[in-house]
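The values are calculated or read from the model by the stated rules, or taken from the named source; none is laboratory data. Predicted, not measured: the structure shown is a model, and the values here were computed from it. Glycine also receives a Cβ, built like all others from the backbone with ideal geometry; neighbour counts cover every protein chain displayed. Quick note on the areas: whole protein, heavy atoms, side chains included, nothing else; ligands and nucleic acids left out. Shrake-Rupley method; radii C 1.70, N 1.55, O 1.52, S 1.80 Å.
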Amino acid sequence: MKKLIVVTSGTKGIGRAVIRLFAEHGFDVATCARTEKDLKKLKKEIEAEYESEVFYHPTDMSVQSEVNTFISYLKTLDRPVDVLVNNTGFFTPGGVLDEDFSNLSKMMDTNVYSAFHMSQAIGKEMRRRKKGYIFNVCSIASIVAYANGGSYAITKHAMLGMSRVLREELKEHNVRVSSVMPGATLTASWEGVDLPEERFMKAEDVAEAIFSAYTMSPRSVVEEIIIRPQLGDI
């Protein structure tokens, strides 16, 4: 049986790049996104190009009940999860003193709580099997504060904190955990920005870093991966 990777929000950007790279190396894929049309398109493309099977379930990762439904769907596959990539996240600008609380609440639900529930459900099974790898896609905002990025930076700092705790909890059970902190990456969240494409990192470069960490021997783990554009943060 092929290995299985689970990637949340896998139809665009970093998630899509991760799926393509792992499928290229023989993994089956399970993923989710809000739009079923995009999921069907992804499944068709991946299965046509690689000898991999794609399983999907339409899911709004900001809604806990839908996250729970996605977790239940994964259980119906009756497959061990070898790699989990908590990739879901979004950014809305705003300053801590001025933005509405709903901004923080929505981003906590999406950027942190979804990863918490996924990690808890799949991490327990990895712990039982003493095998697996969890990648948490954080952000350079997990370690750098900047104006007008209030709630986003708060949630990404929280994501890094959760990831570090998971690393400590799972290391004795042979389960590896990496925190991935990309800088500005050319994804849909930057659409409309008046900057040249070359100023951004490629989503494929982040995927390559994740896959390279995965391929290291089980005796080693890259705890934190920081990737920035060559010319620095935007």
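Taking amide H atoms as placed 1.01 Å from N in the peptide plane, list the residues 5 or more away in sequence, or in a different chain, whose amide H sits under 5 Å from that of V85.
Under 5 Å from the amide H of V85 lie the amide H atoms of V6, V7, T8, F135, each far enough along the sequence or on another chain.
What accessible area per residue, rounded to a whole number of Å², is obtained for the chain using a probe radius of 1.4 Å? All intermediate terms of the calculation are to be shown ahead of the outcome.
Working: 11820 Å² over 234 residues.
Averaged over the residues of the chain, the accessible area is 50 Å².
Per the helix-only calculation at 222 nm, which mean residue ellipticity applies to the chain, given -39500 (n - 2.57) for every DSSP H run of n ≥ 4 and division by its residues, nearest 500 deg cm²/dmol?
-13000 deg cm²/dmol
Express the carbon and sulfur contribution to the solvent-accessible surface of region 49-127 as a percent, rounded to the nearest whole number, probe 1.4 angstrom.
Values: 2060 of 3940 Å².
Within region 49-127, the accessible surface is 52 percent carbon and sulfur.
Read through the labelled values [x] 17.9; [y] 18.7; [z] 21.1 and report the label of the one computed as Kirkwood radius over Cα pairs in Å from the structure.
Read-out taken from this structure: [x].
Please sort by residue number the GluC sites (Glu not before Pro) in region 134-204 whose DSSP state is loop and whose Cβ has at most 16 other Cβ atoms within 10 Å. Spell out each step's value before the answer.
Working: sites: E168, E169, E172, E191, E197, E198, E204; in loops: E191.
When the GluC sites (Glu not before Pro) of region 134-204 are filtered for loop state and at most 16 Cβ neighbours within 10 Å, E191 remain.
For region 129-229, what class follows from the C-alpha gyration tensor (a ≥ b ≥ c being the square roots of its eigenvalues): rounded when a/c is under 1.5, otherwise prolate if a/b is larger than b/c, else oblate?
Taking the square roots of the gyration eigenvalues as a ≥ b ≥ c, region 129-229 is oblate.
Tally Lys and Arg at +1 and Asp and Glu at -1 over the other residues with C-beta under 12 Å from the C-beta of M1: what net charge comes out?
The answer is -1.
Counting other Cβ atoms within 10 Å, which GluC sites (Glu not before Pro) in region 6-100 have at most 13 and lie in a DSSP loop?
Counting only loop positions with at most 13 other Cβ atoms within 10 Å, the GluC sites (Glu not before Pro) in region 6-100 are E51.
Cα centroids of region 52-80 and region 164-234: how far apart, whole angstrom?
23 Å
For the Cα atoms of the chain, what angle does the longest principal axis make with the long axis of helix 36-49, in degrees from 0 to 90, nearest 10?
50 degrees
When the chain is fully extended, how far beyond the present Cα-Cα distance does E168 get from S217, taking 0.36 nm per residue of separation?
Answer, rounded to one decimal: 15.8 nm.
Expressed as an acute angle from 0 to 90° and rounded to the nearest 10, what is the orientation of the C-alpha long axis of helix 203-215 relative to the principal long axis of the chain?
Compared with the principal axis, the helix lies near 40 degrees.
What angle do you read, to the nearest 10 degrees and between 0 and 90, between the alpha-carbon axis of helix 150-170 and the longest principal axis of the chain?
30 degrees
Holding the Cα-Cα limit at 24 Å, pick out from K3/K171; K106/K156; K40/K130; K3/K124; K2/K44 the pairs that are longer than that. Can you show the working numbers first?
Working: K3/K171 21 Å; K106/K156 13 Å; K40/K130 33 Å; K3/K124 18 Å; K2/K44 19 Å.
With Cα atoms farther than 24 Å apart: K40/K130.
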